[in-house]
Structure formats: structure tokens, C-alpha cells
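A.B. asks: My questions all concern the structure below.
The values are calculated or read from the model by the stated rules, or taken from the named source; none is laboratory data. Because the structure is a prediction, the values reported are computed rather than measured. Every residue, glycine as well, gets a Cβ built from its backbone with ideal geometry; the counts of neighbours run over all protein chains shown. Please note that ligands, DNA and RNA were not included when accessible areas were found on the heavy atoms of the full protein model with its side chains. Shrake-Rupley method; radii C 1.70, N 1.55, O 1.52, S 1.80 Å.
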Amino acid sequence: MSGIDEAPGGPWSTDDALTQGLADTVRRTGASIGAIYLVEEGEPALRLVAMCGLPLEFSAPWRRLPLTAPVPVADAIREDRLVWVGGQEDMARRYPRVTAVLPYRFSLAAIALTGARRCWGGLVLMWPADHPRRATPRERSHIAGSAGRLARLLDEAPRPPTLPDQPRTVSVDTEPARRSARTTPAAPTALAAADYAERLPEGAAALDLEGRITFITGTAARLLGSSADRLLGTRPWQSLPWLDNPVYEDHYRTAVISRAPLSYDALRPPDHWLTFQLYPDASGISVRITPSGKQPVPHAAPRPTAVTATGRLYQLVHLAAALTETVSVRDLVDLLAGQILPAFRAQGLVLSVADAGRLRITGHYGYPAEAVERLDGLPLDTGLTPVGHSLVTGTSAFFSGPEELARSYPRAPWMSGKEAWAFLPLVITGRPVGCCVVSYDRPHVFTADERAVLTSLAGLIAQALDRARLYDAQHQLVHGLQEALLPRALPAVAGLDVAARYLPASHGIDVGGDFYDLLRLDGTTAAAVIGDVEGHSIAAAALMGQVRTAIHAHATAGGSPDQVLARTNRLLSDLDSDLLVTCLYVHLDLARREVALASAGHVPPLLCRGLRRAEVLEVDPGPLLGIDVGARYPVARVPLDPGAVLALYTDGLVEVPGNNIDHSTGELVEYLASAHDHDLEDLIEGLVHCTWPTGRHTDDIAVLLLRTLREAPAPG
């Protein structure tokens, strides 16, 4: 258990052990920052539960992440591998959203915490800017070993860890040798060090990792234009008005994360330029303050007022970047509920769109069904709630409690059962798109900072909602068209159990050309076909319909597999289409227990004859349909034992980015051999999950499974 048997005061707590385990991991690996994420039970989301080496406020954009988020820890968990990011350039290329929020120099590793029976979550480690860009094999081994120890700790825990709203933090003493070497007793040494610093001609100060001043010399206080007793315990950008600018707070954040020295100049009004040199380590930041020697500026630009805190600015950048990645309305609602509500500690969400003069609820979170029913369909100019007024005026409305809301809208509080609300009109170039209501279960006072950020987010949400509605409409249209071109139901064939599935690409609004079909030819024979038209377009869908019709006509006319493909090929040549088609045609003789197959460049089928007896059927393929008008298509004949499963599929199932197609096919063979007796619908689910475990396949997939029953149909 990583050396952790008991927490102080009794049997060890899982939470305490996990936090201490993180501190041990940071020490072992030499990292400067560490974090542990756990997978939320029953949710495809990650929760930050423990961290060290960073102030708590730095974690705001990262406390809850979708498992599909484009961040290193999510990739590490989904793909069960070590993700290494060697530097800022590498991060910007692979994870631009992370770079937007953490534009600093550091190296990062993320790895899954995979236990004996489940993946618990992920470990994130960060190293200073001077760390080599590549991790050594020894370092990778240390990281993997640390992840394994944490996973075992979770496996053996007497109770599951809690998932806190805010992560637990722990400090790491990374330099015990330096501290043990200090002269004792401590008090005389501290006085001597303070006297030494006071005698220097320059100013000296110390900040902790939270940015608070823990030590400052009189010289430094005079240079800053204040006194030591007024500055101790404060953050410089909060206690000194002329440093109240995100630029200066960002220098501090840079030092904390990169652990690299840096220097900058700042103007203390009216004309005193000072140079600040920051020297960070794991315990805090030493600051050297000297006059810079710069010439006074005659007309310095006035300092902006009401500057938003740097942490909130980065949080806004993070949320804005996430909003640009949403595709469908469902994606948008999930993002709002999963990231934006926690960022503002809110509990409720209603997202409405303007439709024919009314507000139709397209998504909600934290509301009972009866409340949603009462709020759905309100007129755009409703006076029951502030929604109508907000849409007409284009201004947000904030209510800290039900009494405040009831003064203007008496019926509004009981309609939702909430106790604080932010009504955010969603308007694009003067056109109302809808309204987003963020609500709280308890009274909540909205700070000026929160109001500013929520109002800014409303414009981004409006644009994301407009895009998402357009995408959903187009997606529904094109996939409705595609489904109309596929068989609504497969015919019943005596002696044969069948199942089929068509899965459109995870995202995209183009029509695919994948198709399948099953034809009952007579009492003992049937034909199965699967194919893929090149491209994703209306033209591909139209050609797919023509190919299906041609194959159906030639098959029912009694053509052999090679004749069906050859005649369909000639039709495509006559159509003079620029699109090519792969196709696999299978003739099943269930009385003789035999199949005859012909392929036009299609991926080979799989055949499972029983437990541990699956294989790839090697069918000598002819050319793709539409290439050569005189092409011939060889026929392969294979016996079909009782209980055998024949799997036909399109290339979207096995063409996985970063994975060799032979490797993907081999994985399917292994799975089919172990699960051949499963229900065919479940078997399709398993085959798709085998090669696409996250479910986010990049191409359309069609699968057709055929299983011969134990008793063959009687001839005649």
C-alpha cells in the first residue's frame, strides 16, 4: 500500500492514503506537480480528487472533465497507455485547448490507474521547464510503477474514495536534505537571515505557492511604496493597486508551473520602474526587487479598472475552447452541465431555443420533470419569468434569492423550485436564439466577476447552440435518407439466425455509402451482400441504392455469385460514375451446408466454426465495381457447419487510426472465437467495442452476422 498502513488516529482512510500516495509518487519521480483523477461512478467523466505542487485555484478549469475531453489524462485512460508531452510546442500541437489555459513551459505525463478489475482513473505528473523533452526508459518505468502502486492502493481500499467538490491538496517536501542542513537553533538563524537581507541594497521578498507574501524586507516595502506589515499575508496584485493587472499575476503563475526563474519590469506610479526577478522552487518563490533604470514615461497609459482575476480569465478561455468543440445540442447540454455548472457551483440548467414564437426546452439538468413541463413552450415575450425581458433587451438578469425574483415576477420562483437564478439571453447579431438559465438550490449572491464571465459566456453559448441546431437538423436529414435506403427489416430464412447493424460515423453530416442486404431465394437458399460506396455524399447514397437494386435483381434471377458481381459491375460502367464500390456477395445453400463467396475488393469476412475456431476467410478478390467492364470475380466455396457464425462487415470496423488493419482484424477473430455463442445483437456490440472501445468511430460501419441453426431446412 505504498507504505501506508494506517492514517493518524485509527484505520487508514482511502482518501488520506490516496493523497499521501500522490505525495510519495511526486517524490519518487522527481516531478514538481501531481494530480489524481478518478472516474465518476456511472458517468463518463473524471473528477480531480487530489493534487500537489499547485494552488487550489489553479485547478478550477480542470476539476471535472468528460472522459472524451481532448486532454492527456482522458487519452491515457481511454487508450490505457502512458501519454508523454515533452514541452510547450508538443502540447500546442496535440492539445491546443490545454495550451490555451496553461501557456507555460513544462513536461507532462499522464497514465491510467488500472487495477485488477477496473480502471480507477488517471495520474498526471508535471516537471519543470528544464526537464529533458524525452522521458528515459527508466523514467517511464518509474511512472508506470507509481501508477501501479496507486491502483493497488485503490483495489485494496476498505471503502471507495470520495469524490470531493474541491480536490484535496498536499504539500511535498522535496528537499529534506537542504532543510536538515540548516543551522540550529532556528530562531537565531532566522534573525541572522533577516538581518542579512535587510542590509542588502536591493529588496527581497518571499511568496508561498498561493502567491501570498510570507517575508519582505524594509527595502522591498519602500520600493513598493508600502509598509511590511500591510503587505505580509497579501498577494501583491491585490494589495498594490498598480500591480492589479492580469499580466503580473500571470508572471507568478508562470513561475509556479514552470519552476523556472523569470524577470519582468513594472511601473510604480508616477515614474518609478522596478525590476522583479522570481526564483521558484517546490516551497515557494523568492523575489528580488531593484530599480530598473528605465526612463520615466511622460504620459503613461491609465491602468484598466475592474480587471478580472487571471485564474477566472483562464477559466473563461478553457470554457470558450470547450464550447467551440461541441457539435450537437446534446454535446452542448452535456458540456454546460458537466463543466460550466461546476465552474460556478450551480446546480440547475435550462437551455431553451426560440421556435415559432415560443421557447422550447432542448436540454435541462437538475430540474424535476414537472418543472420542465411548466417551463416548456413559454412565449418569447412571456411575463411569467425574466426570460422574455432578457430576450427583448438582450441583457442578462441575476436574482440572488426567491424574494428578489418574486418582487417582479411573483409566479416565477415556484415554477422551478430554485432559489437563485442567472437568466442569460442567447442573441446573435440581434436575433434571439434562445435562453440559458443557470440556477442554484440555495440563495447565491452573484459577484461582479461572475456576472461578467456569465454574460461573456452567453454570447459563446448562443453561437454554439446555433451551430448545434443546424448540425442536428442536417444530421437527421442525411441519416434519415441513408436509413431509408437500407432494408427496414431482414427477411426470416429457415435454418438461419441473422442480425445487422448500421452505425454512422460518430460525427459528421455527410451520407455514407455502406450497405447490407439479405435475400431469401427459395426454401433452402439465401443471399447475403455487404458493400461500401466510395465517399460520403448524396451521390454516394444514390449510387448505393442503385447497386443494391441491381444486386437484388441479378440474385433473384438466379445468378451465381460471380455473375451477380459481373453484371452489377457492367451497370456501374454504363452509369459512368466516378465513385468506386467494394462488395462481398455470399450465396448460402443451407440444405448442403455450403457457402459460395465472391468479392469485389471488399474486406474479407470472418467465420467461426465453434469455440476457439475462428478465422479470416481468404476470398480471392476481383477489382472494385466500376473499374473494369470485363472484370471477372473468382468464387470461393466453404462448408458451413451447424452453429457456425459468418461475419460480414465494412472497412470502418477495422480501419482504426494508428492501428494496423491486420491487427484490428486479428482482434476481431479472437473475440469472435471466444464469444461465438452469444446473442447476435450482443455479438455485434462486442465486435464494434473490440476495435472502437470509446465508441467514437471515424467512419461508417455496417455489420451483418449469419448463424446456421443446428437443423437444416428440408429441400423442396
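A.B. asks: Report, for the chain, the % of DSSP beta bridges that are antiparallel, rounded to 5.
C.D. replies: Restricted to the chain, the bridges split so that about 95 percent are antiparallel.
A.B. asks: Starting from 0.36 nm per residue, how many nanometres of slack lie between Arg330 and Glu404 once their C-alpha separation is accounted for?
C.D. replies: Using 0.36 nm per residue and subtracting the Cα-Cα distance, I get 23.4 nm.
A.B. asks: Which percent of the Cα-Cα distances in the stretch 414-528 go past 22 Å?
C.D. replies: Distances greater than 22 Å cover 62 percent of the Cα pairs.
A.B. asks: Ok, one more. Roll a 1.4 Å probe over the protein heavy atoms and report the accessible area of Val603 in Å², nearest 10.
C.D. replies: Spelled out: Val603, probe radius 1.4 Å, area about 30 Å².
A.B. asks: Compute the distance in nm between two label points, each set 7 Å from the Cα along the Cα-to-Cβ direction, one at Arg117 and one at Gln166.
C.D. replies: Modelled inter-label distance: 3.4 nm.
A.B. asks: So who's got an amide H within less than 5 Å of the one on Arg268, skipping anything under 5 residues away but keeping other chains? H placed 1.01 Å off N, in plane.
C.D. replies: Trp273, Leu274
A.B. asks: Let me understand the stretch 560-639 better: what is its radius of gyration from the alpha carbons, and its Dmax, in angstrom?
C.D. replies: Taking only Cα atoms of the stretch 560-639, I get Rg and Dmax of 14.0, 46 Å.
A.B. asks: Along its principal axes, what span do the Cα atoms of the stretch 204-253 show, with the longest given first and each in whole Å?
C.D. replies: 26, 22, 15
A.B. asks: Run the simple label-point estimate for Gln476 and Leu56 please: 7 Å along Cα→C-beta, distance reported in nm.
C.D. replies: Going from the Gln476 label point to the Leu56 one covers 4.5 nm.
A.B. asks: How many nm is it between the label spots at Arg133 and Asp229, if each spot is 7 Å from the Cα in line with the beta carbon?
C.D. replies: In this crude label model, Arg133 to Asp229 measures out at 5.4 nm.
A.B. asks: Next question. So what's the angle, to the nearest 10 degrees on a 0 to 90 scale, between helix 661-675 and the longest Cα principal axis of the chain?
C.D. replies: Between the helix axis and the principal axis of the chain, the angle is about 70 degrees.
A.B. asks: Using just the helices of the chain, give the 222 nm mean residue ellipticity in deg cm²/dmol: DSSP H runs with n ≥ 4 each add -39,500 (n - 2.57), and the total is spread over all residues, rounded to 500.
C.D. replies: Value at 222 nm, helices only: -10500 deg cm²/dmol.
A.B. asks: Using packing as a proxy for protection, rank 344-350, 675-681, 424-430 so that the peptide with the highest average count of other Cβ atoms within 10 Å comes first.
C.D. replies: Listed from highest to lowest mean packing, they are 344-350, 424-430, 675-681.
A.B. asks: Okay, moving on. If the only charges are +1 at each Lys and Arg Cβ and -1 at each Asp and Glu Cβ, what is the size of the charge dipole of the chain around the Cα centre, to the nearest 20 debye?
C.D. replies: 1920 debye
A.B. asks: Give me the net charge for the shell around Ser107: Cβ to Cβ below 14 angstrom, other residues only, Lys and Arg +1, Asp and Glu -1.
C.D. replies: Value of the local net charge: +2.
A.B. asks: Given the chain, report the % of alpha carbon pairs whose separation exceeds 41 Å.
C.D. replies: Pairs farther apart than 41 Å: 49 percent.
A.B. asks: Here's a follow-up. If one puts a single equal scatterer on every Cα of the stretch 405-446 and applies the Debye formula without solvent, what log₁₀ I(q)/I(0) results at q = 0.16 Å⁻¹?
C.D. replies: So the normalised log intensities work out to -0.50.
A.B. asks: Rounded to two decimals, what is the ratio between the C-alpha radius of gyration of the stretch 437-476 and 2.2 N^0.38 Å?
C.D. replies: The value comes to 1.62.
A.B. asks: Could you give the length gained by full extension between Tyr264 and Arg140, i.e. 0.36 nm per residue of separation minus their alpha carbon distance, to one decimal place?
C.D. replies: That works out to 41.1 nm of additional length.
A.B. asks: To the nearest 10 degrees, how steeply does helix 137-155 sit against the main Cα axis of the chain, on a 0 to 90 scale?
C.D. replies: Result, in degrees: 80.
A.B. asks: Cα-Cα pairs above 24 Å in the stretch 345-500: how many percent?
C.D. replies: That tail contains 41 percent of the Cα-Cα pairs.
A.B. asks: Per-residue HN-Hα couplings for the stretch 407-415, Karplus 6.51 cos²θ - 1.76 cosθ + 1.60 at θ = phi - 60°, whole Hz, x for Gly and Pro?
C.D. replies: For the stretch 407-415, the Karplus-derived couplings read 4, 9, 9, x, 8, 5, x, 6, 5 Hz, x marking Gly and Pro.
A.B. asks: Then there is this: I'd like the Karplus ³J(HN,Hα) series for the stretch 423-439: coefficients 6.51, -1.76, 1.60, θ = phi - 60°, whole numbers in Hz, and an x wherever there's a Gly or Pro.
C.D. replies: Residue by residue, the stretch 423-439 yields 9, 10, x, 9, 10, 10, 6, x, 9, x, 9, x, 8, 10, 10, 9, 9 Hz.
A.B. asks: Can you give me the P(r) profile for the stretch 94-158? Cα pairs, bins 5 angstrom wide beginning at 0, each as a whole percent.
C.D. replies: Spelled out bin by bin, the stretch 94-158 gives 4, 16, 21, 20, 16, 14, 7, 3, 0 percent.
A.B. asks: If you don't mind, another one. Using θ = phi - 60° and the Karplus relation 6.51 cos²θ - 1.76 cosθ + 1.60, list the HN-Hα couplings for the stretch 518-527 in order, rounded to whole Hz, with x at every Gly or Pro.
C.D. replies: Coupling constants for the stretch 518-527: 9, 10, 8, 8, 7, x, 10, 10, 8, 10 Hz.
A.B. asks: If you don't mind, another one. Relative contact order for the chain: what percent, with Cα pairs under 8 Å and sequence separation of 6 or more?
C.D. replies: 8 percent
A.B. asks: Of Leu624, Thr665, Leu597, which is farthest along the charge dipole of the stretch 579-716 in the positive direction, counting Lys and Arg as +1 and Asp and Glu as -1 at C-beta?
C.D. replies: Leu597
A.B. asks: Here is a follow-up. Leaving ligands, DNA and RNA out of it, report the carbon-plus-sulfur percent of the accessible area of the chain at a 1.4 Å probe.
C.D. replies: 53 percent
A.B. asks: Three principal axis extents, largest first, for the C-alpha atoms of the stretch 634-716, in Å?
C.D. replies: That works out to 49, 33, 21 Å along the principal axes.
A.B. asks: Stick to Cα atoms and the Kirkwood definition of Rh, then tell me Rg/Rh for the stretch 461-583.
C.D. replies: Expressed as Rg/Rh, it is 1.06.
A.B. asks: Against the longest alpha carbon principal axis of the chain, how many degrees, from 0 to 90 and to the nearest 10, is the axis of helix 186-199 turned?
C.D. replies: 80 degrees
A.B. asks: So what's the net charge close to Cys690: Lys and Arg +1, Asp and Glu -1, counting the other residues with Cβ under 10 Å from its Cβ?
C.D. replies: -3
A.B. asks: Please report the base-10 log of the normalised intensity I(q)/I(0) for the stretch 578-716, using a Debye sum with one equal scatterer per alpha carbon and no solvent, at each q in 0.16 (1/Å).
C.D. replies: Evaluating at q = 0.16 Å⁻¹ gives log10 I(q)/I(0) of -0.88.
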